[in-house]
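Here is the structure we will look at.
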Amino acid sequence: MSNASFELLKQRILRDGKCLEGGILKVDSFINHQLDPELLEQMSVEFIRRFAKVKFNKILTIEASGIAPAIMLGFLLHLPVVFAKKKKPSTMDHMLTTQVFSFTKNRTYDVCCSRDFLCPGDKVLFIDDFLANGNAAKGIIDLVQQAGAEVVGMGFLIEKSFQHGGDYLRAQGIQVESLAVIKSLNNCTIEFA
Ligand code: 5GP
């Protein structure tokens, strides 16, 4: 990330982020509840810079918190944005489904996406707010493979490297770009990598 934009995100996390028990960072005032569009725009510009050499025709995310950064990027790149749903709509045909374990909610849920919007041959960039253990990302990889499409990169606003999802994804050969990497939240102190 260019120094200026990384510093901006880092300072914002330090100023407004709150540590919860169990290694969870709350960023409700600018990413997860109230949204800061200007910050999200700057982060999207950074994603564009980092994925400049990667060809993709679609941005994929997962509801709900990935939608804001994904739509900002899709808007800037004029690309469609698809979000995987966490609940199967009764009206959805041609479904792809997988299961994801959420450690923040401590439960497994179904994630689905219509085959109408995730198609064979699609080259997909996945965007999400957080990368922790990588379970959401693994579910997305499964959905994309079922569709006969390809994940060409994964971008996260915040990676918590102490939960090692990033190690797994990078070992699969996926280009993973995280704009802020947190190496520890021990003692409720935010430590960047
Ligand atoms: P993973 O599947 O990589 O373990 O966790 C990623 C998902 O869990 C993200 O989609 C995000 O919504 C949620 N998540 C993981 N860690 C945190 C966290 O520290 N804070 C918040 N707000 N969400 C998190």
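Sorting Met95, Met154 by accessible area (1.4 Å probe), largest first, what list results?
Met95, Met154
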Query raised in the report: For the range 105-161, what class follows from the C-alpha gyration tensor (a ≥ b ≥ c being the square roots of its eigenvalues): rounded when a/c is under 1.5, otherwise prolate if a/b is larger than b/c, else oblate?
Result: oblate
Report summary line: Calculated from DSSP helices alone, with each H run of at least 4 adding -39500 (n - 2.57) and the total divided by the residues of the chain, [θ]222 nm to the nearest 500 comes to -9500 deg cm²/dmol
Requested in this report: Under 1.5 on a/c is rounded, so check that first for the range 75-133, then, if it is not, pick prolate when a/b is larger than b/c and oblate when it is not; a ≥ b ≥ c are the square roots of the alpha carbon gyration tensor eigenvalues.
Outcome: oblate
**Report entry** 18 Å Cα-Cα reach of Lys138 towards aspartates and glutamates, excluding residues that sit fewer than 8 places from it in its own chain
**Finding:** Glu63, Asp110, Asp122, Asp128, Asp129, Glu150, Glu159, Asp167, Glu177
Query raised in the report: Accessible surface of His164 in the full protein assembly, 1.4 angstrom probe, to the nearest 10 Å²?
Result: 100 Å²
Query - Net charge over other residues, Cβ less than 9 angstrom from the Cβ of Phe30 (K, R count +1; D, E count -1) - result: -2
Query raised in the report: How far is the Cα center of the range 86-141 from the Cα center of the range 38-85, in Å?
Result: 16 Å
Query - Largest to smallest principal axis extent of the C-alpha atoms in the chain, angstrom - result: 45, 36, 33
Report task. Search the structure for amide H atoms under 5 Å from the amide H of Val181, placed 1.01 Å from N in the peptide plane, and list their residues when 5 or more places away or on another chain. Result -> Glu159, Ala193
**Report entry** Charge context of Thr97, other residues only, Cβ under 10 angstrom, K/R +1, D/E -1
**Finding:** 0
Query raised in the report: Using the Kirkwood radius built from alpha carbon pairs, what does the Stokes-Einstein equation give as D for the range 80-193 at 25 °C and 0.890 mPa s, in µm² per second?
Result: 165 µm²/s
Query raised in the report: Could you state the principal axis extents of the C-alpha atoms in the range 1-77, from the largest down, to the nearest angstrom?
Result: 39, 29, 22
Report task. Starting from the residue with the highest accessible area, list Ser65, Ser184 in decreasing order, probe 1.4 Å. Result -> Ser65, Ser184
Query raised in the report: When only Cα pairs under 8 Å and 6 or more residues apart are kept, what is the percent relative contact order across the range 82-161?
Result: 31 percent
Query raised in the report: How do Asp128, Asp93 rank by accessible surface area computed with a 1.4 Å probe, from largest to smallest?
Result: Asp93, Asp128
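The values are calculated or read from the model by the stated rules, or taken from the named source; none is laboratory data. The structure presented is a predicted model; accordingly, all values stated were derived computationally and were not measured. Positions of Cβ are backbone-derived with ideal geometry, glycine not excepted, and every protein chain shown enters the neighbour counts. We work out accessible area using only protein heavy atoms, side chains counted, and drop any ligands, DNA or RNA first. Shrake-Rupley method; radii C 1.70, N 1.55, O 1.52, S 1.80 Å.
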